[in-house]
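Nothing in this text is a laboratory measurement; each read-out follows from the coordinates by a stated rule. Since this is a predicted model, take the numbers as computed values, not measurements. All Cβ positions, even for glycine, are placed from backbone atoms using ideal geometry, and neighbour counts span all protein chains on display.
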Amino acid sequence: MKHIKKYSIVWMSIFLLAGCSFMSPKDSTDATLSIKPYTLSEHEELLLSMAGANNPQFFTVNGKIAENEDLTYSVEVYHKGKFKEELLLTSSTQDKHFDGKLISFTVTELDEENVAIKLSYPSGSTSITYPIEVASLARSFGNLVDKDSTLIKDKPIYLAAWVGTKGSMLRSVAPSENSELPESLETYDIALLYKVVWTDAEGN
């Protein structure tokens, strides 16, 4: 819990620092929404290093959505390529304008049998402790997008993945075509995929 509290303080600092460096996008319309990777500054990297954070993945969101629309954030779990469950499904209904606002995903190894999964979005954050026998796995964590990606309503976009395998050969996580599910998920014993969906708000 101490680690999670420490990371939360650093997260808040980075979200505030990064937010000051963006201007509102020009000609933003209800029909346009995009996400791209965010590169940390040296100061932000230092803050994370001091907190002991494990390679978090940050992204910026640009555009705006209608009042009856929403962005949802979640983590999908796959075992040897087969979908198992969805974690931390979060709907940030109050966020409608995204002028370079930050979102992030990280997986922190708490001990040999548990990880902490954390999602941060413009109006808050959510986390969960999840059982994974990390001591027996070769692991990799990285982005699935390497450029500005336009969202299509009701189509999931996969931004990052944490993967692990018990085999001696671990294929590195690489950007996927059109931000879809990465290829060769079946080669990993477990995969945690960060998913964002532009959708209608609940009740519409």
Row for segment 61-204, column shape: gyration tensor on C-alpha, a ≥ b ≥ c, rounded if a/c < 1.5 i.e. under 1.5, prolate if a/b over b/c, else oblate; value prolate
Each label sits 7 Å from Cα toward the beta-carbon; between Leu40 and Asp99 the label points are separated, in nm, by 2.7 nm
Lys and Arg at +1, Asp and Glu at -1: neighbours of Asp95 with Cβ under 9 Å from its Cβ sum to +1
Note to self: C-alpha centroids of segment 100-132 and segment 145-204 sit apart, in Å, by 16 Å
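In a shell of Cβ-Cβ distance under 13 Å around Glu180, excluding Glu180 itself, what net charge do Lys and Arg (+1) and Asp and Glu (-1) give? Intermediate values should be presented prior to the final figure.
Working: positive: Lys155, Lys195; negative: Glu76, Glu177, Glu183.
Its environment carries a net charge of -1.
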Place a point 7 Å from the Cα of Glu112 in the direction of its beta carbon; the residues of segment 150-185 whose amide N falls under 17 Å from it are 166
Expressed to one decimal in nm², the mean projection of the alpha carbon convex hull of segment 47-125 is 6.9 nm²
Per DSSP, the loop-located trypsin sites (Lys or Arg not before Pro) within segment 119-204 having at most 13 other beta carbons within 10 Å are Lys147, Lys153, Lys166
At R0 = 35 Å the Cβ-Cβ FRET efficiency linking Asp148 and Glu186, nearest 0.05, sits at 0.75
